[in-house]
Amino acid sequence: MSDVPSLQLNDGNQIPQLGFGVFQIEPEDTAEAVTSALEIGYRHIDTAEMYENEREVGEGLRASGLGRDEVFITSKLNNGAHRPDAARRAFEGTLSALGFDHVDLFLIHWPLPTLYDGDYVSTWQVLEEFKADGRARSIGVSNFQTEHLERLAAESEVVPAVNQIELHPYFQNREVAAYGEEHGIATEAWSPIAQGDVLDDTDIGAIAEKLGRTPAQVVLRWHIQHGYIVFPKSVTPERIRENFELYDFELGADDMNTIDSLDRGEDGRRGPHPEQFAYAG
Ligand SMILES: NC(=O)c1ccc[n+]([C@@H]2O[C@H](COP(=O)([O-])OP(=O)(O)OC[C@H]3O[C@@H](n4cnc5c(N)ncnc54)[C@H](OP(=O)(O)O)[C@@H]3O)[C@@H](O)[C@H]2O)c1
């Protein structure tokens with residue numbers, strides 16, 4: 001797809017390890033941001049129905065002149081659409097908004113264990129249909145805790161290809177990431193730079209200065225070396241470029257250990273806890 005190395009998912013499909021996230025990009029700014037990212041070389045875009053910019057992601061891709069199969073596109077099932085028929089309608093809405101006949105990856109955005117009688121399993125079984133009919137090349141989940149993944153393993157057929165979770169130096173989400181590694185589920189790290197909160201860290205700053213890199217590049221490189229998939233968001237052209245320049249340097253074991261030691265456990269979490277999050281829109 002591009003110069004960015006790809007990882008192989010558990011269903012055999014390839015995913016570029018570095019992508020571009022579009023959460024909180026206004027619809028009117030999205031097509032331009034996506035086109036700039038694609039011009040720089042990104043070949044993986046992470047959107048969601050919830051972000052209200054799927055249409056503009058499709059427009060940005062079409063404006064880039066790249067073919068549909070040159071770019072990996074992920075979208076996600078919105079929280080109000082967990083019931084099987086609602087999920088089928090929502091997926092059709094996603095494809096229609098994007099203007100494509102398939103996505104590369106489709107995720108359940110949140111497990112919502114306190115809603116819908118705690119039944120995210122029948123929702124997952126509907127995603128299995130989308131994979132079987134080819135409209136989602138791969139399927140996965142987001143914000144699933146280990147107990148949610150264990151339930152899917154016990155009650156359904158397809159193992160999720162990815163679990164997209166909050167993960168950054170201050171919240172390393174180790175138990176969930178380790179479960180993924182053990183079970184062949186790739187970990188995608190959302191808010192990889194904690195929306196900017198980790199960039200003023202003195203240890204990260206010292207590593208960046210030593211290597212002649214920016215703090216954002218150091219943190220994103222740390223994710224890459226851990227094997228996580230990342231898609232930092234930015235609407236700032238220089239940052240979109242900066243965040244792409246990760247493959248011409250490496251962090252040594254000491255620098256990796258230093259960043260590993262910044263984990264604050266639950267205190268470092270910025271977003272909602274998946275067990276309690278119950279917003280169905
Ligand atoms: N599954 C989920 O529940 C979930 C939740 C959250 C996010 N996500 C996904 O993960 C993606 C990334 O997460 P995120 O958007 O929350 O946060 P993020 O990528 O960690 O951080 C984005 C913020 O950092 C700034 N920034 C970006 N690059 C920078 C750089 N090089 N130097 C300084 N500041 C920089 C951006 O500012 P500017 O834009 O102003 O440049 C923006 O404010 C999302 O876009 C979305 O695709 C998924």
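All Cα-Cα distances of region 48-110, cut into 5 Å bins from zero to the largest, leave 4, 18, 32, 24, 13, 6, 3, 0 percent in each bin in turn. For region 155-266, the Kirkwood hydrodynamic radius comes to 14.6 Å, computed from all pairs of different C-alpha atoms. Here the relative contact order of region 141-281, from alpha carbon pairs under 8 Å that lie six or more residues apart, stands at 26 percent. Heavy-atom accessible area for Asp197, with the other protein chains in place and a 1.4 Å probe, reaches approximately 80 Å². Calculate I(q)/I(0) for the chain by the Debye formula, one identical point scatterer on each C-alpha and no solvent, and give its log10 at q = 0.08, 0.10, 0.13 Å⁻¹ to two decimals. Taking Cα atoms of the chain as identical point scatterers yields -0.31, -0.49, -0.84. Accessible area of region 179-281 with a 1.4 Å probe: how many percent of it is carbon plus sulfur? Accessible surface attributable to carbon and sulfur in region 179-281 totals 45 percent. Where in region 161-202 is the amide nitrogen less than 13 Å from a point lying 7 Å along the Cα-to-Cβ axis of Asp11? Under cut-off, by backbone N: 161-163, 186. Both the radius of gyration and Dmax for region 65-176 are 14.3, 45 Å, in that order, over alpha-carbon atoms.
For region 187-215, the residues whose backbone nitrogen is under 18 Å from a point 7 Å from the Cα of Ala153, taken along Cα to Cβ, are 187-188. Overall dimensions of region 22-64, expressed as equivalent-ellipsoid semi-axes from the Cα gyration tensor (√(5λ), whole Å, largest first), are 16, 10, 9. The residues neighbouring Tyr247, those whose beta-carbon lies less than 11 Å from its own, together hold a net charge of -3 under the Lys/Arg +1, Asp/Glu -1 convention.
In terms of its alpha-carbon gyration tensor, region 120-200 comes out prolate; a/c meets the 1.5 threshold, and the first ratio a/b outweighs b/c.
Quick one: order Asp200, Asp104, Asp260 from most to least accessible surface, probe 1.4 Å.
Numbers: Asp200 140, Asp104 15, Asp260 35 Å².
Largest accessible area first, the list is Asp200, Asp260, Asp104.
Between Val219, Val159, Val103, the residue with the greatest mean-square fluctuation in the GNM of the chain (Cα pairs under 10 Å linked by springs) is Val159.
Of the accessible area of region 104-172, computed with a 1.4 Å probe over protein heavy atoms only, carbon and sulfur atoms account for 48 percent.
In the full protein context, region 87-195 carries 35 Å² of accessible surface per residue, based on a 1.4 Å probe and ignoring ligands, DNA and RNA. Take the Cα of Glu28, step 7 Å toward its Cβ, do the same at Arg241, and the gap between the two points is 2.6 nm. Classification of region 1-142 by its C-alpha gyration tensor yields a prolate form. The axis ratio a/c (a ≥ b ≥ c) is 1.5 or more, and a/b outweighs b/c.
The values are calculated or read from the model by the stated rules, or taken from the named source; none is laboratory data. These figures come from a predicted structure and were not determined experimentally. Don't worry about glycine lacking a Cβ; one is built from the backbone with ideal geometry, like all the others, and counts go over all protein chains shown. Remember, those area values only see protein heavy atoms, side chains included, never the ligands or the DNA or RNA. Shrake-Rupley method; radii C 1.70, N 1.55, O 1.52, S 1.80 Å.
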